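The values are calculated or read from the model by the stated rules, or taken from the named source; none is laboratory data. The shown structure was predicted, so the numbers you read here are calculated from the model rather than taken from an experiment. Cβ sites come from the backbone with ideal geometry, for glycine too, and all protein chains shown count toward neighbours. Surface areas here come from the heavy atoms of the whole protein model, side chains and all, with no ligands, DNA or RNA. Shrake-Rupley method; radii C 1.70, N 1.55, O 1.52, S 1.80 Å.
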Amino acid sequence: MIAARVLRWLAVAIAALAVIDPAATTARRSDAIVAVVADDGAGNEALIERVADELESTFTVVRGPLVSASATVLVGSTLPRHAHALASPVFAVLPDSPVQSVALDTDALPVQAPLNARVLIEFGVDVSGGAGRALEATLSAGDLVLDRATVQVGSASERLDVALTFVPSRVGPAALRVRAALSGSAASEAHDFAVDVRDRRWAVLFFEGRPAWLSTFVRRTIEQDPRFVVTSRTITSRGVSAESGLPPERLADAGSLAEFDAVIVGAPEALTRTDVDGLERYMRARGGSVLLLPDQRTEGSWQRLAGVSTWASAEHDAPVRVASSDSTTLHASRLMWPARLPDGAEQLAWLPGARGSPVIWSTPVGGGRLIVSGALDAWRFRQEERSAFERFWPGLIARAAAHAPAPLSIDFATPGRGGSVVARGAWVDIALTHRAALLADFGSGDSVRVAITATAAGTPLRVWPGSAPGRFHASFRAPTQPGTYFIDVATDGGTNGARARTPFTVLAAPLTAPPAERALVEAWSGSNGGATLTASQLHELPDALLRTLDDERRRVRWHPMRSPWWILPFAAALGGEWWLRRRRGLP
């Protein structure tokens, strides 16, 4: 009977405690909530499922960002737009990198191009595990391959520069794709982008204070290039000049130069002080580019414009190495270069093996640029195969003219994510620049007030002021239907009013994330108290989270009798007491 009494009182005690429902306060770790967040890329769905399955046995898993979560696990190789709002600590799970990989650096791809002109498509390729293999790069429009190049990979990890060409034949957005693939391997990557082809040519002015051989032959080369509209004036004697188009009488009036994207000056020693002042105002207030092409070593007011007083020189037939990806060289027998480059200057061409001899160089002047050539007699070697005279100068002047800002420009402010090509429903950030307002401080110093409006695919945008006068930014969500759409911007600034339009393309398939952002994800998770793992290390994620959350202990009030498991000892006690009583024949 003792056993029956014990079982009876045990059942009574359990029932009594359940009625009383006592509470206990202990130091314990509360249930940890882990938010599993996908990045802005695509193709990670299977990895997201693996992460959630791995964590569900240890944590409460919430799919999507949650501010009150104990931790966040970011799945993918790019940071989402809302990364700043993720709950810390932030762990990252990256897809496994292949042993052999190809990654494209496409930040320098052109956004605009002139009609019927040879456009250089330059991009970088980071190759891993490809020593001894060939890298094949292609440029295509749909199923049509426009250009291709094959480059040998010399080391296990190497950065290669690739240059392909594209000649647009019609106005409008041209959807293009660059692709790089490693021979004998599955490693490849493609990048889609759009080029806005416009029937607009750069306006350039050639001005010679006297007839000069170098500028004459450079001008003849440029006149054959359909990308340019050439205006020229050559002063042959006092009061007599040879003209093409409607050139200004002198260079002193910066306003008369405003219509030109670049000004090329031959025989710069003939410039007067007022000419130099006008060119400087043109660069500062217009943001234009000036090229000085001396053909002899002489002094003059132009040296103040260059900011150089001491020059070095050489007289021998020497190749001049050009800073380009195709090993271009010029030849000249008479060379000169500054003994010391001005601060902020950039070398564009130099003697091989002597990077400290900048034969051709450029330097910023206000919002514009000044380019000076010290290849004094390069024109003498223009017909030789070893000299790229007819390729170098059009390319240099095209880049100089393209540097001159338009009255109103639109730029895509998301480098590396497709630029003007976006995924359906993705966020697009754009930067707007009003030239007159931006360069006002370099010109008259008077501020320019503008009212700016913008639409994307016909939807009005909220435009916000940027970090400097004349700079603005806006964001919008791309349409969900694939196709080509336009961004239209207009300003109401009186005489400074302007309009601009640029296309963007919405792809049917989502964009893939560039591998270059993996380092950014790693840095972000590390700075937010977490760590970065790859898909093959996924089994380590629960322990890593537990170690990080181990200190999250607090005093928690809990009710032990509310556990449904108490029904088992309660039923066992009642059933055992009843069985013992029946066995003894008691009611």
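Regarding the stretch 37-185, what are the three Cα extents along the principal axes, ordered largest first, in Å?
Projected onto the principal axes, the Cα atoms of the stretch 37-185 cover 60, 40, 24 Å.
List the equivalent ellipsoid semi-axes of the chain in whole Å, largest first, each obtained as the square root of 5λ for an eigenvalue λ of the Cα gyration tensor.
70, 27, 22
Quick one: putting +1 on the C-beta of Lys and Arg, -1 on the C-beta of Asp and Glu, what dipole do you get for the stretch 71-229 around its Cα centre, in Debye to the nearest 20? Provide the component values of the computation, followed by the final result.
Values: 15 positive and 17 negative charges, 117 e Å.
Charge dipole, the stretch 71-229, about its Cα centre: 560 debye, nearest 20.
Which residue, chosen from Val421, Thr329, Thr298, occupies the Cα position most advanced towards the positive end of the dipole of the chain, where the dipole is computed from +1 (Lys, Arg) and -1 (Asp, Glu) charges on Cβ about the Cα centre?
So the residue furthest toward the plus end is Val421.
Which residue, Val263, Ala194, Phe206, has the largest displacement toward the positive end of the dipole of the stretch 170-294 when charges sit on each Cβ (Lys, Arg +1; Asp, Glu -1)?
Checking the options against the dipole of the stretch 170-294, the answer is Ala194.
Please work out the FRET efficiency for the pair Arg50 and Arg304, using the Cβ-Cβ distance as r and a Förster radius of 56 Å; give the result to the nearest 0.05.
Approximately 0.25, to the nearest 0.05.
Considering Cα pairs under 8 angstrom that are at least six residues apart, work out the relative contact order of the chain and quote it in whole percent.
16
Spin-label point model (7 Å from Cα, Cβ direction): what's the His559 to Arg273 distance in nm?
Between His559 and Arg273, the label points sit 9.5 nm apart.
Once every DSSP H run of n ≥ 4 in the chain is given -39500 (n - 2.57) and the sum is divided by its residues, what mean residue ellipticity at 222 nm do you get, rounded to the nearest 500 deg cm²/dmol?
-6000 deg cm²/dmol
Given a 1.4 Å probe and the protein chains all in place, what does the accessible area of Asp53 round to, in Å² to the nearest 10?
Number for this one is 100 Å².
Roughly how many nanometres apart are two label points built 7 Å out from the Cα toward the Cβ at Arg399 and Ala314?
2.0
Among Val521, Gly575, Phe392, which residue has its Cα positioned farthest towards the positive end of the charge dipole of the chain, with +1 placed on the Cβ of Lys and Arg, -1 on the Cβ of Asp and Glu, and the dipole taken about the Cα centre?
Farthest towards the positive pole: Gly575.
Assuming 0.36 nm per residue, please report the length gained on full extension of the stretch Ser68 to Arg220 beyond their Cα-Cα distance.
47.8 nm is the gain from fully extending Ser68 to Arg220.
Need one word for the stretch 227-281: rounded, prolate or oblate. Basis is the Cα gyration tensor (sqrt eigenvalues a ≥ b ≥ c); a/c below 1.5 gives rounded, then a/b vs b/c decides.
Oblate is the answer for the stretch 227-281, as a/c is 1.5 or above yet b/c matches or exceeds a/b.
Helix 45-55: angle to the longest alpha-carbon principal axis of the chain, degrees 0 to 90, nearest 10?
It is inclined by approximately 40 degrees.
Against the longest alpha carbon principal axis of the chain, how many degrees, from 0 to 90 and to the nearest 10, is the axis of helix 567-583 turned?
With rounding to tens, the tilt is 20 degrees.
Report Rg/Rh for the stretch 75-160, rounded to two decimals, where Rg is the Cα radius of gyration and Rh the Kirkwood radius.
1.09
Order Asp147, Asp343 by their accessible area, 1.4 angstrom probe, all chains in place, largest first.
From most accessible down to least: Asp343, Asp147.
Could you give the length gained by full extension between Ser155 and Ser244, i.e. 0.36 nm per residue of separation minus their alpha carbon distance, to one decimal place?
Gain on extension, Ser155 to Ser244, equals 26.8 nm.
Might you report the magnitude of the Cβ-based charge dipole of the chain about its Cα centre, with Lys and Arg at +1 and Asp and Glu at -1, to the nearest 20 debye?
Values: 60 positive and 60 negative charges, 401 e Å.
So the magnitude is around 1920 debye.
Along the Cα→Cβ direction, 7 angstrom out, place labels at Ile2 and Val167. What is the inter-label distance in nm?
In this crude label model, Ile2 to Val167 measures out at 10.9 nm.
PRE reach from Leu546 (point 7 Å along Cα→Cβ): which of the stretch 50-64 fall under 11 Å by backbone N?
58-59
Check Leu291: other-chain or 5+ apart residues with amide H under 5 Å from its amide H, H built from backbone geometry?
Sorted by chain and number, the residues that satisfy this are Val263, Ile264, Val265, Ile371.
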